[in-house]
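For reference, the structure is listed below as structure tokens.
The values are calculated or read from the model by the stated rules, or taken from the named source; none is laboratory data. Owing to the predicted nature of the structure, the values given are computational and were not obtained by experimental measurement. So basically every Cβ, Gly included, is an ideal-geometry build from the backbone, and we count neighbours across all protein chains shown.
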Amino acid sequence: MTKYVYKHTPAPLWLVAFSILLPTSFACLATSATNVAIPHISGYFGSTIDEANWIITSYMIANSCLILMSGWLENLLGRKRFLKIFIGIFTLGSLICALAPNLNLMVLGRLIQGIGGGPMTPLAQSILLAAFPQDKRGIAMSLYGIAVMVFAILGPTFGGFIVDNADWQWIYLVNIPVGILSISMVHANIEELEFRKEVKKTDFLGMISLVLWLLSMQIVLDKGQQYNWFDCAWISWLAGFSVCMLVFFIIRELESSAPLINLRLFKDRNFLIGTILSASVNMLVFSSIVLIPQFLQNMMGYTAILSGYALAPRIISCVLMMLVINQLMKIFDNRILIAIGFFFLGISILFFINLNLSISFIYIAIPQVLMGVGVILVFIPVSALVLGTLPKSELTNGSSLHNLCKSTMTAIIASVASTLVARHAQMHQVYLVDNLSNFNLVFQHKFASLLSTFMANASSTFATIKTNSYMYKSLLTQSRLLAYVDVFEIFALLAFCLMPLAMFFRTETSQKKELTNQTHHV
């Protein structure tokens, strides 16, 4: 089997890093910036929120499919040509989104944008790991973290600023000059692979099963809550079909002589644990990106830009941590840093179990600082360790599989988080409705007070109806508030439970200890 051999690039490392991370960062920004603009986009096209959600879904499906195919496509097309083609596709998709006259073309544009943006994340990671020497991999992963995690976190703030101060189309228009600049920089600074594996066979059956699995899964996740999940026959059938496609895809890739992706990479301990932890970090971070703006806009009356500003402090702490994380990785065991990072993530999420409708802006902002610290303490060491024990010939494949798991978890958690809030709100509503009783003295007093207020300007009949409506609205608000608290408690508990898993990573120090113990045993 022919191995990848990386040619020495005449361009400085910083220029190589900037050339690949510029398009990568804007591909990550496109994922989260659109979320806060969905109400504006749906209003512009005269569609419902459910219909407009396909703008997000189409991007996620295309993105996930191309992430897994990036290793195969890089080998087929060659690195430089591959990058230029897909940056061009991403730029074309952005142009279609900005000029779309209807929702259908908008969804098509997002699909094209997802096809172009999908390979950017895994390819950037593999290029940086191959280009930077071993002692500078911490710096490489810090730069990668800025492009991937920081820009993804920046998305809601950027999107909120755009939709509150300009037309939402500018979210996509800014990608056009960036795409053109990126193509020229890739052409000038990224070196081609000297040797590539000969492509003898294409696993089209694996590709088809992958697409069918992701498509059916995403439809189930998007429409499940709307149609009461498995109480709906077609949701049940589609969920079963999705599971069958996933099982078929796994078996196909394990048994195929020329698999689309090498699933046996999960035999590597660092790769398996690193993928689990990275997917979990994505889940914790993106669930907060979904839930916190949702809570602030729907329950606190914040505008899109204010909800984006509430998340902005985590960007500042992320960038500051980037300046010191490389030194911390040299001084401390990376496993300790990862465990501490999950502790910070858990503490930051615990802040939200005391949510109420009178909280100040600063109360939302403080835990964002802690979350930014936790994200970098986990993300950068994990990124350096997860592919570190794989051979160079498998770096792109490993990065593709690793990022597919993260992307899939991001798509799943966005739907699961919203579903948990909806379900727990219904549960609390059942419990709280007992308090709206004539046998409850507090309720009687509040009802009489409101009735008296409304009767000052209306008839007794109208005042009674308005009082009942007000009390029921308060019940729904309190139920939803308690649901948010429940969900944040679940995610905080998950963060704390992941702390011990970091100790199972195999570092250079742990490998030397294992080798010493084996020698003594012999």
task = Tell me which of these Ala304 doesn't satisfy, since it passes every other one: (1) in contact with a His (Cβ under 9 Å, 6 or more places away or on another chain); (2) at pLDDT 85 or above.
result = (2)
remark   = The lone condition Gly301 fails out of (1) assigned to a helix (DSSP H, G or I); (2) surrounded by fewer than 23 Cβ atoms within 10 Å (Cβ to Cβ); (3) not polar (S, T, N, Q) is (1)
request  = Please list, ordered by first then second residue, the pairs with beta carbon atoms under 7 Å, 6 or more apart or interchain, first in region 426-453 and not assigned by TED's automatic domain parsing to the domain that holds Gln226, second part of a loop (DSSP other than H, G, I, E, B) and of a type outside the set (Ser, Thr, Tyr).
outcome  = Phe443/Leu436; Gln444/Asn438
message = Restricting to region 360-385, give me the number of residues that are surrounded by fewer than 18 Cβ atoms within 10 Å (Cβ to Cβ) and within 20 Å of Lys136 (Cα to Cα).
response = 0
inquiry  = Checking Val433 against (1) assigned to a helix (DSSP H, G or I); (2) within 27 Å of the chain's Cα centre (by Cα): exactly one of these is not met. Which one?
reply    = (2)
message = If Asn228 meets every condition in (1) over 21 Å from the mean Cα position of the chain (by Cα); (2) of a type outside the set (A, V, I, L, M); (3) on the phi < 0 side of the Ramachandran plot apart from one, which number is that one?
response = (3)
key: Output for region 147-169, where each listed residue is free of Cβ contacts under 8 Å to residues at least 24 places away in the same chain and either part of a helix (DSSP H, G or I) or in contact with a His (Cβ under 7 Å, 6 or more places away or on another chain) (or both)   = none
Among (1) more than 21 Å from Leu205 (Cα to Cα); (2) modelled with pLDDT of 75 or more, the one test that Leu66 misses = (1)
key: Qualifying residue in region 113-121 (condition: surrounded by fewer than 23 Cβ atoms within 10 Å (Cβ to Cβ) and at pLDDT 80 or above)   = yes
